[in-house]
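**Q** What follows is a single structure, and I will ask about it in a moment.
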Amino acid sequence: MEFMTNKKNRISLSVIVLAVLVLISVLLPLPYYIETPGSAENINEYVRVDNRENTHPGAYYLTTVAIQRGTPLSLAMAKFLPFREIISKEELMGESDDQDYERISQYEMDSSENMAKKVAFDLAKKKYSFQFQGVYVMGVMKDSSFYNQLATGDIVYQIDNFKPQSSKEFIDYIKAKKVKDQITVHYKRDGQTNQVSGPLILLGEPKRPGIGITLADKTQIKTKEQVDFLTEEIGGPSGGLMFTLELYEILSGEDLRQGRQVAGTGTIEEDGKVGSIGGIDKKIVAADKAGASIFFAPSEPINPELKKMYPDLLTNYEEAKRAGKKIKTKMKIVPVSNIQEAMDYLKESK
């Protein structure tokens, strides 16, 4: 009887241990992430001008990449599933924490929308004003005098009594000073203004005085028309090209897509240049699944020095073509280096 009881106890213990191991493999978060194909979102649901939407038939699609936190089980599965890429937390976020990463992602989306607005208004020959709001803080160095005072997402609009009108003016003002000079930084955070003072530090090569922050311009396009981007749940800069096409059609009334389902990706710069993005192979999968017939892929060339270091590195267009061939898509994958090339293709291929 005692032997049977011990045997039952050992079996029960084994079941418990197995259950715990299963739970760990499924639930334990690790410092790795998995990029997978996301979705293709109809931009018509996200862009409004004076509360008007694009009524032309067809659709422009914003393609996304899904990112999930890895667990032992999901990471193991990702090694064998197609279009899954495992990346470390450092590769994804750098030195940022989750909250800072989300703020930067939202800033990139806001900037993408802002540039799309400028380019679309230029193309539609509509008036607007360009306003510099300040310097957006992307990160603060640990040896900065302002570490734990300034934070990612702050907007610096004034240094001492000087209000810069570009990040270049901001940097030039700081460079003209000396290390250990005291400065007062005026900034906005969550709609509230504040200020903090401290000494400048010595930055690396080239050696010069600095605050010790990474920064970007924070600008805003002001227009007579009320333009709304309803993108609270989406982040990153890669929707610029497709936002521009959608907004241009609403502003101009021109029907470029002619009933077609058009997907694509790429950043947009103020001169209309289309820039490269990450995860385009996964976006091809998402667009194909949504039934798109055209996919615009950035054809920005790779820096020669980078290509020399990584000979197998592909352009976005080359990577998109390879992914399309792998899934045997019927989509026409079209290389574009600027917004005009995308518009010309739509006009000429009607």
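**Q** Throw me the Rg/Rh for the chain, computed over C-alpha atoms with Kirkwood Rh, two decimals.
**A** Dividing the radius of gyration by the Kirkwood radius yields 1.07.
**Q** Right, here's the next one. Hey, any idea what Rg/Rh is for the stretch 45-161, computing Rh the Kirkwood way over Cα pairs?
**A** Result: Rg/Rh = 1.07.
**Q** Measure out, as a whole number of angstrom, how far apart the alpha-carbon centroids of the stretch 47-101 and the stretch 323-342 sit.
**A** Each part reduced to its Cα centre gives a spacing of 20 Å.
**Q** For the chain, what is the accessible area per residue in Å², given a 1.4 Å probe and the full set of protein chains?
**A** Normalised by residue count, the accessible surface of the chain is 56 Å².
**Q** Could you calculate the contour length gain from I86 to D122, that is, 0.36 nm times the residue separation minus the distance between their Cα atoms, to one decimal place in nm?
**A** Gain in length upon complete extension: 8.9 nm.
**Q** Amide H neighbours of G264 under 5 Å, counting only residues 5+ apart in sequence or on other chains, H built in-plane at 1.01 Å?
**A** Y61, T63, F296
**Q** Right, next: Which number do you get for Rg(Cα) / (2.2 N^0.38 Å) in the stretch 123-227?
**A** Dividing the Cα radius of gyration by 2.2 N^0.38 Å gives 1.19.
**Q** Turning to a different aspect of this structure: What is the gain in length, in nm to one decimal, between Q182 and Q149 on full extension, counting 0.36 nm per residue of separation less the C-alpha to C-alpha distance?
**A** Extra length from Q182 to Q149 when fully extended: 10.4 nm.
**Q** Suppose only helical runs count, i.e. DSSP H with n ≥ 4. What mean residue ellipticity at 222 nm does that imply for the chain under -39500 (n - 2.57) per run, divided by all residues and rounded to the nearest 500 deg cm²/dmol?
**A** After summing the helix terms and dividing by residue count, I get -11000 deg cm²/dmol.
**Q** Using C-alpha positions alone, give me the convex hull volume of the stretch 40-107 per residue in cubic angstrom.
**A** Roughly 131 Å³ of hull volume per residue.
**Q** OK, next. What number, in percent, do you get for the relative contact order of the stretch 115-247 if the mean sequence gap of Cα pairs under 8 Å and at least 6 apart is divided by its residue count?
**A** 34 percent
**Q** Sticking with this one: Taking a 23 Å limit on the Cα-Cα distance, which of the listed pairs K79/K283; K142/K175; K175/K218; K163/K222; K117/K163 fall beyond it?
**A** With Cα atoms farther than 23 Å apart: K117/K163.
**Q** Now for a different question. What's the carbon and sulfur percent of the chain's accessible surface, probe 1.4 angstrom, rounded to a whole number?
**A** Carbon plus sulfur share of accessible area: 52 percent.
**Q** Determine how many Å³ per residue the convex hull of the Cα atoms of the stretch 187-338 encloses.
**A** Given the Cα convex hull of the stretch 187-338, per-residue volume reads 180 Å³.
**Q** Still on this structure: Between S39 and K326, what FRET efficiency follows from the Cβ-Cβ distance if R0 is 25 Å, with the result rounded to 0.05?
**A** Computed FRET efficiency for S39 and K326: 0.80.
The values are calculated or read from the model by the stated rules, or taken from the named source; none is laboratory data. Being a predicted model, the structure only gives us computed values, none of them experimental. Cβ sites come from the backbone with ideal geometry, for glycine too, and all protein chains shown count toward neighbours. These accessible areas exclude ligands, DNA and RNA; they are computed on the full protein's heavy atoms, side chains included. Shrake-Rupley method; radii C 1.70, N 1.55, O 1.52, S 1.80 Å.
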